[in-house]
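Following: one structure in C-alpha cells, then a few remarks.
The values are calculated or read from the model by the stated rules, or taken from the named source; none is laboratory data. For clarity, every value in this text was computed on a predicted model and none was experimentally measured. Heads up, the Cβs are rebuilt from the backbone with ideal geometry, glycines too, and the neighbour counts pull from every protein chain shown.
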Amino acid sequence: MLMSQTMIVSARSIAIGETQQRTFVGSNDEDWLVVELRAGQTYLIETLALDPGVDTILELFDSGSALLRRNDDSDGLASRIGFQPERSAPYYIRVTNIGQAAFGDGYQVRARLW
Ligand SMILES: [Ca+2]
Ligand SMILES: [Ca+2]
C-alpha cells in the first residue's frame with residue numbers, strides 16, 4: 001500500500017486541545033493521526049507521558065504525504081513539532097518508536113495551540 005493510502009486509511013482524528021493515549025504493538029507499529037489546522041494559527045504537536053523504553057519520533061505530513069516537519073527528542077525522548085500552516089487543511093501525524101519498548105507500551109499525543 002502506498003504511504004498516502006496507509007496514512008489516510010489508518011489515521012485517527014485528533015482535535016486541537018485533545019490528548020490521546022496510544023500504544024505501540026510491535027517494533028513496526030506506526031500511529032497515524034489527522035488534525036484539521038487553520039492558516040495563520042501556530043500549533044504545537046507533541047508526545048508525552050512515555051512508558052519506559054518508548055522513544056518517539058513525530059512527523060507531520062500534508063495531505064499529499066509530503067513531509068513538513070520531523071522531531072525525535074525535544075523533551076527527553078519525547079517529541080515536539082511547532083507548525084504554522086499556510087493553508088487550512090487536514091494534516092497527518094505519524095508517531096513511531098525507536099526505543100526498546102515492550103509490546104503494548106504506550107504514550108500520549110497532544111495537539112494544541114502554541
Ligand atoms: Ca499503535
Ligand atoms: Ca525521541
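Would you be able to say whether some residue in the range 5-28 is among the acidic types (Asp, Glu), under 13 Å from the mean Cα position of the chain (by Cα) and closer than 19 Å to Gln100 by Cβ? Don't jump to the end; show me each part of the working.
Of the range 5-28, the ones among the acidic types (Asp, Glu) are 18.
Now restrict to residues that are under 13 Å from the mean Cα position of the chain (by Cα): 18.
Within this subset, residues satisfying the condition of being closer than 19 Å to Gln100 by Cβ are none.
No; the residues of the range 5-28 include none that is among the acidic types (Asp, Glu), under 13 Å from the mean Cα position of the chain (by Cα) and closer than 19 Å to Gln100 by Cβ.
Among the listed residues Leu113, Leu33, Leu2, which satisfies the condition of being of a type in the set (A, V, I, L, M, F, W, C) and in contact with a Lys or Arg (Cβ under 6 Å, 6 or more places away or on another chain)?
Numbers: Leu113 fails: in contact with a Lys or Arg (Cβ under 6 Å, 6 or more places away or on another chain); Leu2 fails: in contact with a Lys or Arg (Cβ under 6 Å, 6 or more places away or on another chain).
Going through Leu113, Leu33, Leu2 in turn, the sole match is Leu33.
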Scan the range 79-90 and give yes if some residue there is free of Cβ contacts under 8 Å to residues at least 40 places away in the same chain, part of a strand (DSSP E or B) and surrounded by 14 or more Cβ atoms within 10 Å (Cβ to Cβ), otherwise no.
yes
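So if I check each of Asp75, Asp62, which one is more than 15 Å from ligand 2 (Cβ to nearest atom) and of a type outside the set (Ser, Thr, Tyr)?
On the way: Asp75 fails: more than 15 Å from ligand 2 (Cβ to nearest atom).
Exactly one of Asp75, Asp62 is more than 15 Å from ligand 2 (Cβ to nearest atom) and of a type outside the set (Ser, Thr, Tyr), namely Asp62.
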Of Gly99, Gly104, Gly53, Gly76, which residue is loosely packed, with under 13 Cβ neighbours inside 10 Å and within 15 Å of ligand 1 (Cβ to nearest atom)?
Gly104
Could you identify the single residue in Ile45, Ile93, Ile14 that is touching an Asp or Glu at 6+ places or on another chain (Cβ under 9 Å) and β-branched (Val, Ile, Thr)?
Ile93
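Being closer than 15 Å to Trp32 by Cα and modelled with pLDDT of 95 or more is the filter here, so list the residues in the range 48-65 that pass it. Spell out how you get there, then give the answer.
Initially, the range 48-65 is screened for residues closer than 15 Å to Trp32 by Cα, giving 56-65.
Hits for the range 48-65 are Thr56, Ile57, Leu58, Glu59, Leu60, Phe61, Asp62.
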Residue list for the range 56-78, restricted to those being part of a loop (DSSP other than H, G, I, E, B), over 15 Å from Glu30 (Cα atoms) and of a type outside the set (Ser, Thr, Tyr):
Asp62, Gly64, Ala66, Asp73, Gly76, Leu77
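What about Tyr43, is it among the aromatic types (Phe, Trp, Tyr), within 12 Å of ligand 2 (Cβ to nearest atom), modelled with pLDDT of 95 or more and within 14 Å of the chain's Cα centre (by Cα)?
Working: among the aromatic types (Phe, Trp, Tyr): yes; within 12 Å of ligand 2 (Cβ to nearest atom): no; modelled with pLDDT of 95 or more: yes; within 14 Å of the chain's Cα centre (by Cα): yes.
No.
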